[in-house]
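Data first, discussion second: the structure below is written as structure tokens.
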Amino acid sequence: MVADLGCGPGRDLAVFTHAGVAAVGVDLSEQMLRLAQAAGGRTVTGDIRRPPLRPAVFHGLWSSAALLHVPRPEVAGTLRAWRSLLRDGGVLSLSTSLGDREGWEAAPCRSDYPPSVPLRRWFVHHDRDELLNLIAQAGFALRTVQKEPRRMTWLQVRAVAA
């Protein structure tokens, strides 16, 4: 069983589901969850900082571009909450942005909104070493760490629940 934390419209959740992987998506946005369900995913409404899921039942956690919306003071607690969801040996796959800024930013991924509609989201960009330290402190053993420069620089982390 895999949990897609911050599943948004369900792009990755649909990939898991169509591949035959038992998966559940968690997101706070009802609109996003409706899109995820339409894509064929099973979903739960909830805050990724405290996912409303049973502890120690998941083999994997997937979080792509979601942790970057968690306010910096809440990241350590969020990672501990995520660790509690995994069985020992379960895998965390995390993708988030690198940097040092925190605050409201324009959402460039929505080019279909007219300029008169301000669409902004909260972003927290992380220092690589600080984030890796928080992941380790939350009870994960790091396996792979990769930087991917794109429009933003992304950090891809694979870690195992120790």
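Things to note:
- Local charge for Val21 was computed over the other residues whose Cβ lies under 13 Å away, with Lys and Arg +1 and Asp and Glu -1, and equals -1.
- When both bridge partners sit in the chain, DSSP labels roughly 55% of those beta bridges antiparallel.
- Sum of -39500 (n - 2.57) over DSSP H runs of 4+, divided by residues of the chain (222 nm, nearest 500): -7000 deg cm²/dmol
- The calculated FRET efficiency for Arg143 paired with Ala22, based on their beta-carbon distance and R0 = 25 Å, is about 0.65.
- Listed by number, the DSSP H helices of the chain that run 15 Å or longer by alpha-carbon position along their axis and have mean Kyte hydropathy of at least -1.0 are 75-85.
- Which label in (1) 21, 18, 16; (2) 26, 18, 15; (3) 24, 21, 14 gives the computed semi-axes √(5λ) of the Cα gyration tensor in Å: (3)
- Charge tally in the Cβ shell below 14 Å around Arg128, where Lys, Arg are +1 and Asp, Glu are -1, Arg128 excluded: -4
Throughout, read-outs are computed from the coordinates displayed, never taken from laboratory work. Computed from a predicted model, the values in this text were never measured in an experiment. Quick reminder, even Gly has a Cβ in these numbers, built from the backbone with ideal geometry, and neighbours come from all protein chains shown.
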